[in-house]
Amino acid sequence: GGKITLKSEKGKGATFFVTIPYKPVQPENEKDNSNNENVTEKQDKYTILIVEDEEVNYLFIETLLEDEIEINCNILHAKHGKEAVEICRENSEISFVLMDMKMPIMNGFEATKLIKEFRPDLQIVAQTAYTTIEDKEKAFSAGCDDFISKPINKETLNEIMNKYLITK
């Protein structure tokens, strides 16, 4: 919804203008719930682990889950696969994992294999910018239950959340 424009003068340089729409955040008690398009059975509180080494990507997914899709959830964050394995070992209440596949220390493929050894029923969805058929096959071979391509959008994430959490 934004736009980028520029003003250039030969020999003097260019000025770039970036316009981004601002949508103010309403306090919880002021929200109009009469037009909520995501009204599904969301009475339970879910614990979701987001495994993402890029802070901006993590914050984006967190915002989608809490503010756009409005899932009642407790979100945990791991910055690499080794940390994800440790968090899953220590937190049996985790009901869903969004796993980045390309990370430092331990990638998502290795982490998924290890997590599935002790939590075989835990739903793990791969999220990656690399969407070749080989990458998808590698993710499924590692034990991932599904695959989301980056950049992640609200509709796709909402479908995945409904598929693996809401309909349980």
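Does Ala111 satisfy being at pLDDT 90 or above and either within 25 Å of Thr63 (Cβ to Cβ) or open to solvent by 50 Å² or more (accessible area, probe 1.4 Å) (or both)? It would help to see each step written out before you state the result.
On the way: at pLDDT 90 or above: yes; either within 25 Å of Thr63 (Cβ to Cβ) or open to solvent by 50 Å² or more (accessible area, probe 1.4 Å) (or both): yes.
Judged against the criteria, Ala111 is a match.
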- Of the candidates Lys31, Lys45, Lys79, the one satisfying the condition of being charged (D, E, K, R) and either modelled with pLDDT of 90 or more or surrounded by 14 or more Cβ atoms within 10 Å (Cβ to Cβ) (or both) is Lys79
- Query: What number of residues within region 132-152 are open to solvent by less than 80 Å² (accessible area, probe 1.4 Å), within 21 Å of Lys79 (Cα to Cα) and outside any strand (DSSP E or B)?
  - Reply: 8
- Would you pick out the residues in region 65-76 that are assigned to a helix (DSSP H, G or I) and open to solvent by 10 Å² or more (accessible area, probe 1.4 Å)? Glu66, Asp67, Glu68
- Cβ-Cβ below 7 Å, separation at least six or inter-chain, first residue in region 66-82 and over 11 Å from Tyr46 (Cβ atoms), second of a type outside the set (Phe, Trp, Tyr) and open to solvent by 70 Å² or more (accessible area, probe 1.4 Å): which pairs? His80/Ile105; Gly81/Ile105; Gly81/Glu110; Lys82/Ile105
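The values are calculated or read from the model by the stated rules, or taken from the named source; none is laboratory data. Owing to the predicted nature of the structure, the values given are computational and were not obtained by experimental measurement. When we count neighbours, we look across all protein chains shown, and the Cβ atoms used for this are built from the backbone with ideal geometry, even at glycine. Only protein heavy atoms, including side chains, enter the accessible area calculation; ligands, DNA and RNA are left aside. Shrake-Rupley method; radii C 1.70, N 1.55, O 1.52, S 1.80 Å.
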